[in-house]
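Data block below; observations after.
The values are calculated or read from the model by the stated rules, or taken from the named source; none is laboratory data. Values in this document were obtained by computation on a predicted structure and should not be read as measured data. As a convention, Cβ positions derive from the backbone with ideal geometry for all residues, glycine included, and neighbour counts pool all protein chains shown.
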Amino acid sequence: MAAAIDFRDVVVLLGRFPALAGATANVCEGEVVLLRGPNGVGKTTFLRTCAGLNAITSGSAEVLGHDLTADRNNVRRHVGLLGHRTHLYDELTVGDNVRFWASTLGIAESDAMAAADRVGLTGRLLDVEVQRLSAGQRRRTALAVVVARRPRLWLLDEPHAGLDHEGRDNLDELLRQAADAGATIVFASHELDRAESVADRVLEFSGGRIERDDP
Amino acid sequence: MVSATKPEMPVSPRTSARMATSSVGTTVLGWLAFVSLVATAVLGLVVSPRDVVTGDAVRFLYLHVPVIWVAYGAFISCAIASALFLWKGKSRADRGRHLDRVAGASAEVGVVFTALALITGAMWGRITWGVYWQWDARLTMTAMMFVSFLGYLALRRLPTEPSVRSKRAAIAALVSSVNLPLVHFSVDWWRTLHQEASLSVDEAEITGNMYSVLLFSSVAFVLTGIWLVAHRYRVIRLEEIRDDEGLELAIAARRAEAGVD
Amino acid sequence: MIRDALLIARKDLLIEWRSRVTINQVAPLGLLILIVFAFAFDANRNLLTKGAPGLVWVGVLFAGVLTVQRSFTIESADGITDALRLSSISPVAMFLGKAAAVGLQLFVLEIVLVGGAVVFFDSRIGDPVLLIAAAVTGTGGFSAIGCIYGAMSLGVRVRETLLPLLLIPVVAPILLAGTRAFERALDISTQAGWNWVGLLGVMWGVYLAVGTLAFGPLLEDG
């Protein structure tokens, strides 16, 4: 199978701090991979690097066939990144935000609204300004934007955090559907029981590198 | 002033060569600059005659004019290095670090010399025109250049990633450079109170002897400027080497974290 | 690309409409600057009338710095710069969109400030066409160059102090040309005003070209 992510000895600096210190990882297309490890071992940086957001200091990195050391731009429209930060304009409503981000990618408004509906954002909630949302609703809005993108590669940083029980079930269901449709999913989580039931494989992070690769 | 002191700590011969900020070339250059500056002082203060119109004030000329030339030269060098950095930096083996250092070192020297030029100019102006400041195009542009490049240096000092910082600084330097003619033109249009560019006007008053002193002192200040830029360049490079060595340690330390648990 | 630029501009204006920071905070501040000048000049009406064009442009300058600041604060919150990089909007469209939104807000601000000059400084609008032309070209140039420096200060912690230091020396010629043109339009001088509008137009063009080239590299980190 084609490789969705192919990292060899990747070093990524955040300022002067080597957040990734020689990470080697391989993820095939269609796989669902869990990133595991305590805080500060490089999981978030790994996800952001896959999205083409971090400059690579040394090593080789290919994501969805794009060489990130040469050009980090082309891969970006094919990934969906859900980070700790939700990438939402506080002053705009949920609906405005979803519509705006969808239209920045040329996604039809009906598809965007369907995605919002899919994560449980319906009715009057769409007209609420994002700054009045609870943390969980905020995450859902961010998730709706990712769903609307229909990415080939999902990069999710602790997607379960802040969601209620129902929301987590809903998310897991969503991930399964996406994986069935052929998308690759890489996510970091501390909800190990839940996450391991979804994941095909686990990458264990430690000290800015991938320590173990458990099937 | 030109010390060829070797670092005290024990280092291998290969690294010691790149650890010092002086080389044979710049040592010679430094002495030349120093001697010519002393000679300029003697020529300007003792040998050169008083001017018929401006009296002893004319001696400011030997300081003020060369200093502003060095300042302009330094900013031009900064702008060219910045342009090359943006244009060619990515394809070069050193990712344009060399050009970035040239730009930074030039701008620093340029700011210092502009400050000197503004101070000496104000003193000279007070004596010859009776005011410290004239709102003419050249003065206003120089003041704006001074402030712009202060901002440029502030931008260079920001604690961001080196590559990001270099790129933003290079763009800022270029935008400022593109803008300076606009400043000059608009102020020129607004009001031109006093004389044209100094040499052409003062030529009438400056006679043979003074002219050669001015020329000599220009050489002295240009040498000093180049010497300063070369040393600043090397200090910046040493700082980068220190940071890079710190980086190797940081990566090793980061990997060692893995062994802890 | 035009569509994307409009999308960005529409979003910025929608945020302004919802939060009303420019109209409720920056515009009153601009008026306050005019009033403070009146205090400083001991309410000498003659002097104030004469100086009104310059004072209006000083107000525009400071209010403009704040507007640019605000425009880029929006984009640096909550990791939004990342999301913009992940979108397929070109940096050029982003630059044009943001500059258009800033320009529109500043234009409204200028109307408020000129109104303030009429009320407080007894200014008389002799040539409204020239006034509007100078305001439009001056504002256009200011917002273009402002957005370049706004992008330059993205993600910088000391933005509040750095942005004015970088921006104000660069916009000095706009202040100068705008003031000369306003002097003619407000019947204070009899010198030609349209030359200055021409100069403002040239600067607008130069800054648009620079921004079009520079915005992409500025948004990209590394």
Note to self: Please go through (1) within 12 Å of chain C (Cβ to nearest Cβ); (2) touching a Lys or Arg at 6+ places or on another chain (Cβ under 9 Å); (3) not in a loop (DSSP other than H, G, I, E, B) for B:Pro159 and return the number of the only condition it doesn't satisfy.
What the structure shows: (3)
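Would you point out which residue out of C:Thr81, C:Thr73 is surrounded by fewer than 17 Cβ atoms within 10 Å (Cβ to Cβ) and within 22 Å of C:Thr212 (Cα to Cα)?
Working: C:Thr81 fails: surrounded by fewer than 17 Cβ atoms within 10 Å (Cβ to Cβ).
So the residue among C:Thr81, C:Thr73 that is surrounded by fewer than 17 Cβ atoms within 10 Å (Cβ to Cβ) and within 22 Å of C:Thr212 (Cα to Cα) is C:Thr73.
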Next item on the list: From C:Ala177, C:Ala151, C:Ala185, C:Ala192, grab the single residue that is surrounded by fewer than 24 Cβ atoms within 10 Å (Cβ to Cβ) and not β-branched (Val, Ile, Thr).
Entry: C:Ala192
Check: Of the residues C:Ala144, C:Ala135, which single one is buried (at least 24 other Cβ atoms within 10 Å of the Cβ) and touching a residue at least 60 places away in the same chain (Cβ under 8 Å)?
Finding: C:Ala144
Notebook entry, point to check: Only one residue in C:Leu166, C:Leu131 is at the interface with chain B (Cβ under 8 Å from one of its Cβ atoms), over 16 Å from C:Val206 (Cα atoms) and under 17 Å from the mean Cα position of the chain (by Cα). Which one?
Noted result: C:Leu166
Next item on the list: Output the residues belonging to segment C:147-163 that are facing chain B (nearest Cβ under 9 Å) and not aliphatic (A, V, I, L, M).
Entry: C:Tyr149, C:Ser153, C:Gly155, C:Arg157, C:Thr161
Note to self: Return the pair list, or none, for Cβ contacts closer than 7 Å from residues in segment C:1-22 that are farther than 25 Å from C:Ser88 by Cα to residues that are basic (Lys, Arg) and assigned to a helix (DSSP H, G or I), at least 6 apart or on different chains.
What the structure shows: C:Val21/C:Arg70; C:Thr22/C:Arg70
Next item on the list: Could you tell me which numbered condition A:Arg168 fails, if it satisfies all but one of (1) within 16 Å of the chain's Cα centre (by Cα); (2) part of a helix (DSSP H, G or I); (3) more than 10 Å from chain C (Cβ to nearest Cβ); (4) modelled with pLDDT of 90 or more?
Entry: (4)
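Condition check: touching a His at 6+ places or on another chain (Cβ under 7 Å) and either of a type in the set (D, E, K, R) or at pLDDT 95 or above (or both). Does C:Asp82 satisfy that? Spell out how you get there, then give the answer.
Values: touching a His at 6+ places or on another chain (Cβ under 7 Å): yes; either of a type in the set (D, E, K, R) or at pLDDT 95 or above (or both): yes.
The answer is yes for C:Asp82.
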Note to self: Tally up the residues in segment C:135-160 that are out of contact with any Phe, Trp or Tyr (no Cβ under 9 Å at 6 or more places or on another chain) and either among the acidic types (Asp, Glu) or modelled with pLDDT under 90 (or both), please.
What the structure shows: 5
Checklist line | Residue check, C:Arg184 charged (D, E, K, R), over 25 Å from A:Arg85 (Cβ atoms) and in contact with a Gly (Cβ under 7 Å, 6 or more places away or on another chain) | finding: yes
Check: What number of residues within segment A:10-56 are assigned to a strand (DSSP E or B), in contact (Cβ under 8 Å) with a residue 12 or more places away in the chain and within 11 Å of another protein chain (Cβ to nearest Cβ)?
Finding: 10
Notebook entry, point to check: Looking at (1) touching an Asp or Glu at 6+ places or on another chain (Cβ under 7 Å); (2) within 14 Å of chain C (Cβ to nearest Cβ); (3) not basic (Lys, Arg), which is the only condition A:Leu105 fails?
Noted result: (1)
Margin query: Tell me the residue from B:Thr114, B:Thr140 that is part of a helix (DSSP H, G or I), crowded, with 17+ Cβ neighbours inside 10 Å, touching a residue at least 12 places away in the same chain (Cβ under 8 Å) and over 16 Å from the mean Cα position of the chain (by Cα), please.
Written below: B:Thr140
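Can you tell me which residues in segment B:162-179 are among the aliphatic types (A, V, I, L, M) and facing chain C (nearest Cβ under 7 Å)? First the steps, then the outcome.
Kept after step one, since they are among the aliphatic types (A, V, I, L, M), are these residues of segment B:162-179: B:164, B:169-175, B:178.
If the condition is that a residue be among the aliphatic types (A, V, I, L, M) and facing chain C (nearest Cβ under 7 Å), then B:Val164, B:Ile171, B:Ala172, B:Val175, B:Val178 are the ones that fit.
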